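Okay, structure first, notes after.
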Amino acid sequence: MGLYPNHSNKDTTIPFILTPISMKTRKENCHFIKELESKAEKDQRLTLEEANFLISLEDIYVFDLIASANYLRIKFKGNEISLCSILNAKSGLCAEDCIFCSQSVHYKTNITEYPLVSNEEMLTKAEEASAMGAHKFGIVTSGKTIKKGELEEICKVIRKIKEEGKIHRCASLGILGPSELLKLKEAGLEEYHHNLETARSHFPKVCTTRDYEDDVETVRNAKAIGLKTCCGGIFGLGESSEQRMELAFTLIELDVDSVPLNFLHPIKGTKAANFPLLKPLEILKIIAVYRFLLPTKSIKLAGGRESNLRDLQSMIFAAGANSTMLGNYLTTKGRDYKDDLQMIIDMGLKPVSNGKVLNAKT
């Protein structure tokens, strides 16, 4: 008798979900996932071997990983989702040659280029971010670093935002030294964002105009003076699964506070223009494994969420993320912020800003 005893004309092939592996192997692997969940629950660091095991699992295990990652998110972060919004305060004309970046002078990408925006515009955007429900506002500038005069103007803006006391203050201004970061902190900056982009071993294929160690040192400098650090990378740049874990372990060693996970949204004109989008299940697996590896940290879904995940965007929270972005990105559009707030609420979660639970009409 086949799988369909009353319908002999049906295809009696064993369902695909059982064909790649034996049930014994599946049970063993699921048991090991639970063992690693228990280890992460105690905030015990997974080994690199264990991390590579998780990231190499087939798609059949993605929802097992999600179940564990969701448990870990709830344990360490509860059901509150924090939201951030950014301003591209200085656009284009960047001398770096990062293969994914639409703001590089090495590529023709048809973006709008402009110098540092006025203090008034930065303050207006901070107010808009707060009104949307963002907990954090980030001032972002293009280029390897910023000029002294630009730093002074941004410090003025940060002081004013601090006085108003409505929103967490973050900035992403490139490679900075201790003295520059200290000026920002003294002005009222709370957090510094600086992505590593990818694993050290893969970085030469992503950027050839700066040294990876300069990026690492910037994060170290920010931590050393007492700033919170927001540091992650971009996936889908041709890196291997092992290199994704290599990046994670660098972030563990740096003890960063927040980990933004970006997924390549290919921009016409860049070297990565024809790179394929990552599959949604692959993205959810990456998020889940990062929650295993960084159980107590804030894990944020940033660029590429809409284009890569499509109808599975809401699953990022079940996969372990406790934060995402509202509004537009640097040179690409985001969704209506109300749609994102509603998505969070529909998942039974609480979008929170400054201790206040938000609704979709905020």
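The values are calculated or read from the model by the stated rules, or taken from the named source; none is laboratory data. Bear in mind that the values here come from a model prediction, so they are computed numbers and not experimental data. Neighbour counts are summed over all protein chains in view; Cβ atoms, including those assigned to glycine, are modelled from backbone coordinates with ideal geometry.
Odds and ends about this structure:
- Residue within the stretch 126-146 that is over 23 Å from residue 230 (Cα atoms) and of a type outside the set (Val, Ile, Thr) present: no
- Members of the stretch 58-81 that are assigned to a helix (DSSP H, G or I), under 26 Å from residue 341 (Cβ atoms) and of a type outside the set (Gly, Ala, Ser): 63, 66, 70, 71, 72, 73, 74, 75, 76, 77
- Only a single criterion out of (1) among the aliphatic types (A, V, I, L, M); (2) out of contact with any helix residue (DSSP H, G or I) (no Cβ under 6 Å at 6 or more places or on another chain); (3) within 30 Å of residue 227 (Cβ to Cβ) is not satisfied by residue 272, namely (3).
- Within the stretch 130-152, restricting attention to residues that are out of contact with any strand residue (DSSP E or B) (no Cβ under 9 Å at 6 or more places or on another chain) and at pLDDT 95 or above, the residue that is surrounded by the most Cβ atoms within 10 Å (Cβ to Cβ) is 151.
- Candidate set: the stretch 278-289, residues that are in contact with a Gly (Cβ under 6 Å, 6 or more places away or on another chain) and part of a helix (DSSP H, G or I); chosen: the one farthest from residue 36 (Cα to Cα): 287
- Unmet requirement for residue 292, which otherwise passes all of (1) buried (at least 23 other Cβ atoms within 10 Å of the Cβ); (2) under 14 Å from the mean Cα position of the chain (by Cα); (3) not aliphatic (A, V, I, L, M); (4) not in a strand (DSSP E or B): (2)
- Qualifying residue in the stretch 275-284 (condition: over 28 Å from residue 222 (Cβ atoms) and either at pLDDT below 95 or over 17 Å from the mean Cα position of the chain (by Cα) (or both)): yes
- Of all residues in the stretch 195-219 being in a loop (DSSP other than H, G, I, E, B) and in contact with a helix residue (DSSP H, G or I) (Cβ under 7 Å, 6 or more places away or on another chain), the one that is surrounded by the most Cβ atoms within 10 Å (Cβ to Cβ): 198
- Among (1) more than 23 Å from residue 296 (Cα to Cα); (2) modelled with pLDDT under 90, the one test that residue 356 misses: (1)
- Just one of the listed residues (170, 155) is hydrophobic (A, V, I, L, M, F, W, C), in contact (Cβ under 8 Å) with a residue 24 or more places away in the chain, buried (at least 18 other Cβ atoms within 10 Å of the Cβ) and out of contact with any helix residue (DSSP H, G or I) (no Cβ under 8 Å at 6 or more places or on another chain), and it is 170.
- If you filter the stretch 220-256 down to residues that are without any contact (Cβ under 8 Å) to a residue 60 or more places away in the chain, of a type in the set (Gly, Ala, Ser) and buried (at least 19 other Cβ atoms within 10 Å of the Cβ), you find that the one that is nearest to residue 304 (Cα to Cα) is 233.
- Some residue of the stretch 174-194 being aliphatic (A, V, I, L, M), within 18 Å of the chain's Cα centre (by Cα) and part of a loop (DSSP other than H, G, I, E, B): no
- Test: residue in the stretch 56-76 that is within 26 Å of residue 351 (Cβ to Cβ) and in contact with a Ser or Thr (Cβ under 7 Å, 6 or more places away or on another chain): yes
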